[in-house]
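The structure appears right after this line, and notes come after that.
The values are calculated or read from the model by the stated rules, or taken from the named source; none is laboratory data. All values derive from a computational prediction rather than experimental measurement. Here the Cβ positions follow ideal geometry from the backbone for every residue, glycine too, while neighbour counts run over all protein chains shown.
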Ligand code: FES
Ligand code: FES
């Protein structure tokens with residue numbers, strides 16, 4: 001049984017021996033009890049299971065966990081929905097999701113939250129013109145499926161965070 005060591009939300013985990021082929025989603029939910037990361041389609045199609053991977057160059061991206069083996073995440077630093085709020089204080093994006101009633105069942109929310117956060121951090125590093133904002137948000141959230149059809153509200157929630165602090169995100 002191969003061991004897995006990684007950092008999740010700034011905290012080290014492992015080495016933990018996992019059974020051959022255990023998915024990252026099962027590792028998070030069943031081995032670590034971190035059930036905030038959801039399991040939707042199980043086929044890398046809906047991104048409800050997406051987590052943030054923080055790269056050594058300071059950039060981040062999201063990746064689905066449902067079909068990826070846990071061993072693929074060995075040595076990585078990731079963030080999950082449980083890692084956004086600090087001491088119970090929601091992030092601006094979380095607050096915006098709530099303010100917009102962006103979610104209904106909430107199953108897709110961790111994936112949208114992680115994607116939106118990655119986008120905000122990208123815009124902080126490389127601000128864009130206002131004229132490009134709508135397209136940039138749409139492209140970032142593209143691929144995340146919401147069976148409750150909250151797409152417009154998710155989009156508006158991300159946009160509001162950007163427009164609340166334009167000097168930070170826009171040129
Ligand atoms: S559950 Fe992983 S992409 Fe749908
Ligand atoms: S809020 Fe139900 S799937 Fe998106």
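Some observations on this one:
- Every condition in (1) surrounded by 13 or more Cβ atoms within 10 Å (Cβ to Cβ); (2) over 13 Å from the mean Cα position of the chain (by Cα); (3) more than 16 Å from ligand 2 (Cβ to nearest atom); (4) not in a loop (DSSP other than H, G, I, E, B) holds for residue 67 except the one numbered (4).
- Within the range 54-64, the only residue that satisfies the criterion of being in a loop (DSSP other than H, G, I, E, B) and within 13 Å of ligand 1 (Cβ to nearest atom) is 64.
- The C-beta contact set for the range 140-163 (first residue farther than 14 Å from residue 97 by Cα, second residue more than 15 Å from ligand 2 (Cβ to nearest atom) and part of a helix (DSSP H, G or I), distance under 9 angstrom, 6+ apart or interchain) comprises 140/118; 140/119; 140/122; 163/130; 163/133; 163/169.
- All positions within the range 11-53 that are touching a helix residue (DSSP H, G or I) at 6+ places or on another chain (Cβ under 7 Å), away from ligand 1 (no atom under 13 Å from the Cβ) and in contact (Cβ under 8 Å) with a residue 40 or more places away in the chain: 18, 22, 27, 34, 36, 52
- Helices (runs of 4 or more DSSP H) within the range 81-171 that include 2 or more residues over 21 Å from residue 52 (Cα atoms) and either modelled with pLDDT of 95 or more or more than 16 Å from ligand 2 (Cβ to nearest atom) (or both): 133-141, 151-164, 166-169
- Set side by side, the residues 147, 130 differ, and just one is within 16 Å of ligand 1 (Cβ to nearest atom) and either surrounded by 13 or more Cβ atoms within 10 Å (Cβ to Cβ) or outside the structural domain of residue 25 (by TED's automatic domain parsing) (or both), which is 147.
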